[in-house]
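Student: Below you'll find the structure I mean.
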Amino acid sequence: MIHVQTRQELVDLARELGVRPDWYEPDEQGLEARVKGTYFDNAGFWGRAYVPRHRDMATELYVTLVHEGQPVAEVNLATLFAFACGYEEG
């Protein structure tokens, strides 16, 4: 599972999965998106690596990309918005 930290990692993932640059109809490539978490923030903890160890704590919102039924990547939702606005760092 890729824990997306940079815009370039997301671009590389899209290429690997065969998703168009505009992400038009990603379901045609067998992709689903699942949103989990509690807080719309990008300064703390999120993702599957964090959640199992801290089940009692709230996490930031994040998106898990699922390809043909298998989780393949996750990205913090606030960071994803930042990437959409041109932010390049992770």
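Student: Mind listing whichever residues of the range 20-32 are loosely packed, with under 14 Cβ neighbours inside 10 Å and assigned to a helix (DSSP H, G or I)?
Tutor: Within the range 20-32, the subset loosely packed, with under 14 Cβ neighbours inside 10 Å is 20-25, 27-28, 30, 32.
Selection gives D27, E28.
Student: From V75, V35, grab the single residue that is in a strand (DSSP E or B) and surrounded by 13 or more Cβ atoms within 10 Å (Cβ to Cβ).
Tutor: Working: V35 fails: surrounded by 13 or more Cβ atoms within 10 Å (Cβ to Cβ).
Selected residue: V75, the only one of V75, V35 that is in a strand (DSSP E or B) and surrounded by 13 or more Cβ atoms within 10 Å (Cβ to Cβ).
Student: Quick test of your reading of the structure: G47 fulfils all but one of (1) assigned to a loop (DSSP other than H, G, I, E, B); (2) on the phi < 0 side of the Ramachandran plot; (3) surrounded by 17 or more Cβ atoms within 10 Å (Cβ to Cβ). Name the failing condition by number.
Tutor: Every listed condition holds for G47 apart from (2).
Okay, residues lined up against (1) touching a Leu at 6+ places or on another chain (Cβ under 6 Å); (2) of a type in the set (A, V, I, L, M, F, W, C):
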{"site": "P21", "(1), (2)": "no, no"}
{"site": "R34", "(1), (2)": "no, no"}
{"site": "G37", "(1), (2)": "yes, no"}
{"site": "F40", "(1), (2)": "yes, yes"}
{"site": "A49", "(1), (2)": "no, yes"}
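Student: Please work out which one of (1) touching a strand residue (DSSP E or B) at 6+ places or on another chain (Cβ under 9 Å); (2) at pLDDT 90 or above; (3) over 13 Å from T79 (Cβ atoms) is the condition V51 fails and give its number.
Tutor: Failed condition: (2).
Student: Now, a different point. Take T59 and decide whether it is buried (at least 17 other Cβ atoms within 10 Å of the Cβ) and polar (S, T, N, Q).
Tutor: On the way: buried (at least 17 other Cβ atoms within 10 Å of the Cβ): yes; polar (S, T, N, Q): yes.
The answer is yes for T59.
Student: Of everything in the range 3-19, what is free of Cβ contacts under 8 Å to residues at least 24 places away in the same chain and not basic (K, R)? Give them in sequence order. Walk me through how you get there before you give the answer.
Tutor: Initial filter on the range 3-19 (free of Cβ contacts under 8 Å to residues at least 24 places away in the same chain): 11-12, 14-16, 18-19.
Correct list: V11, D12, A14, E16, G18, V19.
The values are calculated or read from the model by the stated rules, or taken from the named source; none is laboratory data. Just so you know, these numbers come straight off a predicted model, no measurement behind them. Methodologically, a virtual Cβ is constructed for each residue, glycine included, from the backbone with ideal geometry; neighbour enumeration extends over all protein chains shown.
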